[in-house]
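Remarks on the structure that follows.
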Amino acid sequence: MTLIIGALLFGLYKQLNMEQNYQVSENLQSQAQHYQQLASTVSRTKFAEQISRADSKAVLVAWKNGNNVIGALSFMPDDMPFLPKTKDFPILTTGPDKLHILTGGIVHTKYGNLLIANRTDHFTAMLDKFVSASATAIMVTIIVALAMGYVFSKTILSRLTHYNRLSEEIEQGRYDTRFPLSWRNDEFDVLANQFNKVLDTLENNLMAIRGITDNIAHDLRTPLSHLRIGIEQLINQPADNIHEHCANLLEELDHCLSTFDAMLSLTRIEEGQLELERQPVSLHTICHDLQDMAEALAEMNQQKLNIELGNDYTLSADKHLLFQALFNLVDNAIKYSGENATIEIQQDGRHLKIIDNGPGIPDEFKEKVFERLVRLDPSRHHQGTGLGLSMVKAILTRHNANISLADNHPGLIVSIDF
């Protein structure tokens, strides 16, 4: 900034100096032509009178008539060049400013050489004042720039130091640390806000991992304990009971393996590692298949399963995976609605609903149930892995469908929009 201001002031100084020289040169040339024409039209006496009456404020002239010098100047300096060339020379006066600087030159007339000069010391003084003011302005600019730069750098450095300290705290495992936001809303605040969002996501993911780890430990602890106890008791079992005892142990082991298989399948679906075998699928056909598969289960629980179809809709989907997701929802409705409940499958165009009149799901758990290994039954009374709804959401997401849960008062409404 200082260099730019200095360059502008230097350019202005050069422009003023050029303008001064131009005006002086033009004035001298104009006066030279005037006196040349005057000498060619009047007598020598008249010419002398005109020079004597010349306005010294406009131009200073001197003409040597014999041994006398006529005009505003009392002498003619030696070695003065002929106009348009000029030369500076000093004169002494009786006024307050005793020394004046003049710029002038000689012009040849009919009656001899005539000295024409302009006073230029006031222009020089003005330029000197301009240079002094410019130097002061540049110095003030440098001081202000240095002061502002120091304050600005200290402010930035303090914020960077603070951010660095917070980063070290995060590195040490304090993931609840957040970068502060100021009232400035500057680039640092934008960056800090973005880092805070990343830290929120990181903390949520870590909490989810901890929750999944706890749920895995909780779900597998019991079957693994049963396996260990069963293997210890296998030695003491009578020969007739070994087959039945081994079958029970295999059932426990299958439950453990099914949990891991479901988690692996869920990861493959979410990460897009599982290729979908897409084909045209009718929602009418899917709904009829759901009714055929789930009707027997509903009757076993003394429940009613109704189906209500509107306009059909055909989508490009993996029929096997889509049926698996929708059947999981119907199976959950049958499993958790209780005896004498009514389950309805409603479809119209892109919209599909699975409705029951069971106990429903509390509002605070409506989003949480889609997370891995989350089960609303803390006692694990119902057999399951806690991955069913996570799998449902992953499959529907791969099919660009949205799922939402709402209250049926009583019961639950599962809405799916394709």
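Residues M1, M18: which one is closer than 19 Å to F123 by Cα and open to solvent by 60 Å² or more (accessible area, probe 1.4 Å)? Please lay out each step first, then the result.
Values: M1 fails: closer than 19 Å to F123 by Cα.
Going through M1, M18 in turn, the sole match is M18.
Quick one: in region 93-132, of everything that is of a type outside the set (K, R) and in a loop (DSSP other than H, G, I, E, B), which residue is modelled with the highest pLDDT?
Filtering region 93-132 down to residues of a type outside the set (K, R) leaves 93-97, 99-109, 111-118, 120-128, 130-132.
Next, from what is left, pick out any that are in a loop (DSSP other than H, G, I, E, B): 93-97, 111, 120.
Values: T93: 69, T94: 63, G95: 60, P96: 60, D97: 60, Y111: 83, T120: 77.
Across region 93-132, the extreme among qualifying residues is Y111.
Which residue pairs have Cβ atoms closer than 8 Å, lie 6 or more positions apart in sequence or on different chains, and pair a first residue in region 358-372 that is among the β-branched types (V, I, T) with a second residue that is part of a loop (DSSP other than H, G, I, E, B) and surrounded by fewer than 14 Cβ atoms within 10 Å (Cβ to Cβ)?
I361/L376; V369/L376
Have a look at I286, I209, I235, I229 and point out the one that is modelled with pLDDT of 80 or more, exposed (fewer than 13 other Cβ atoms within 10 Å of the Cβ) and aliphatic (A, V, I, L, M).
Values: I286 fails: exposed (fewer than 13 other Cβ atoms within 10 Å of the Cβ); I209 fails: modelled with pLDDT of 80 or more; I235 fails: modelled with pLDDT of 80 or more.
The match here is I229.
What number goes with the only condition from (1) open to solvent by 100 Å² or more (accessible area, probe 1.4 Å); (2) modelled with pLDDT of 80 or more; (3) not small (G, A, S) that I170 does not pass?
Of everything listed in (1) open to solvent by 100 Å² or more (accessible area, probe 1.4 Å); (2) modelled with pLDDT of 80 or more; (3) not small (G, A, S), I170 misses just condition (1).
If you check every pair at least six apart or on different chains, which have Cβ atoms under 8 Å apart with a residue in region 314-335 that is in a helix (DSSP H, G or I) first and a residue that is polar (S, T, N, Q) and buried (at least 17 other Cβ atoms within 10 Å of the Cβ) second?
I334/Q303
Counting only residues that are at pLDDT 85 or above, part of a helix (DSSP H, G or I) and open to solvent by less than 60 Å² (accessible area, probe 1.4 Å), how many does region 39-55 have?
Total satisfying the criteria: 0.
Just need a number here: residues in region 289-310 that are closer than 12 Å to L352 by Cβ and open to solvent by 80 Å² or more (accessible area, probe 1.4 Å).
Initial filter on region 289-310 (closer than 12 Å to L352 by Cβ): 290, 307-310.
Pick out the ones that are also open to solvent by 80 Å² or more (accessible area, probe 1.4 Å) and you get 308.
Residues meeting the conditions: 1.
Considering only region 170-192, state which residues are more than 14 Å from E203 (Cα to Cα) and assigned to a helix (DSSP H, G or I).
Listed by number, the residues that qualify are E187, F188, D189, V190, L191, A192.
Only one of these is farther than 15 Å from V392 by Cα and touching a Ser or Thr at 6+ places or on another chain (Cβ under 8 Å): S316, S225, S282. Name it. Reasoning before the result, please.
Numbers: S316 fails: touching a Ser or Thr at 6+ places or on another chain (Cβ under 8 Å); S225 fails: touching a Ser or Thr at 6+ places or on another chain (Cβ under 8 Å).
The unique qualifying residue is S282.
Which residue, of K353, K368, K319, is open to solvent by 10 Å² or more (accessible area, probe 1.4 Å), more than 23 Å from R278 (Cα to Cα) and not acidic (D, E)? Can you show your working first?
Working: K353 fails: more than 23 Å from R278 (Cα to Cα); K319 fails: more than 23 Å from R278 (Cα to Cα).
Of K353, K368, K319, the one residue that is open to solvent by 10 Å² or more (accessible area, probe 1.4 Å), more than 23 Å from R278 (Cα to Cα) and not acidic (D, E) is K368.
Using beta carbons and a limit of 6 Å, which pairs, at least six apart or on different chains, have the first residue in region 131-158 and surrounded by 10 or more Cβ atoms within 10 Å (Cβ to Cβ) and the second one in a helix (DSSP H, G or I)?
If the second residue must be in a helix (DSSP H, G or I), the pairs left are S134/L9; I138/G6; T141/T2; T141/I5; I142/T2; A145/T2.
Find the residue count for region 361-418, including only residues that are over 20 Å from L283 (Cβ atoms), at pLDDT 75 or above and among the polar types (S, T, N, Q).
2
The values are calculated or read from the model by the stated rules, or taken from the named source; none is laboratory data. Because the structure is a prediction, the values reported are computed rather than measured. Glycine also receives a Cβ, built like all others from the backbone with ideal geometry; neighbour counts cover every protein chain displayed. Just so you know, the surface numbers come from the protein's heavy atoms only, side chains and all, with ligands and any DNA or RNA stripped out. Shrake-Rupley method; radii C 1.70, N 1.55, O 1.52, S 1.80 Å.
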